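Read-outs throughout are calculated quantities, based only on the coordinates presented, and are distinct from any laboratory measurement. Computed from a prediction, not measured in an experiment: that's the story for all the values here. Here the Cβ positions follow ideal geometry from the backbone for every residue, glycine too, while neighbour counts run over all protein chains shown.
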Amino acid sequence: MNTKKAIVAFLACLALFFVIIGTILTVTWPGELSQVPTSEVGTAIFHTWGPTLILVGVLMFASMLGGVFIAQEDEK
């Protein structure tokens, strides 16, 4: 990578960083944050969103296998 591309990439990352930080600081967040018990999070994930979680897991597994298959080098 040449120096000019590195400088442009750095400036783009820096600009994105400032946009994200500026957005976080200027957004009006709703009320106070409350403590959520861990058991409620577990119940919500596995009971309410269980089928969705399984489908996302299968999709991620298939994408990982596809990535490994694509990355394999051809044997000649």
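Considering (1) in a helix (DSSP H, G or I); (2) surrounded by fewer than 10 Cβ atoms within 10 Å (Cβ to Cβ), say which one residue 42 fails and leave the rest.
Every listed condition holds for residue 42 apart from (2).
If you go through region 45-59 one residue at a time, how many are surrounded by 10 or more Cβ atoms within 10 Å (Cβ to Cβ) and either in contact with a helix residue (DSSP H, G or I) (Cβ under 8 Å, 6 or more places away or on another chain) or of a type outside the set (Val, Ile, Thr) (or both)?
Looking only at that region, the number is 8.
Are any of the residues in region 26-33 within 23 Å of the chain's Cα centre (by Cα) and either surrounded by 10 or more Cβ atoms within 10 Å (Cβ to Cβ) or of a type in the set (A, V, I, L, M) (or both)?
So far as region 26-33 goes, yes, one or more of its residues are within 23 Å of the chain's Cα centre (by Cα) and either surrounded by 10 or more Cβ atoms within 10 Å (Cβ to Cβ) or of a type in the set (A, V, I, L, M) (or both).
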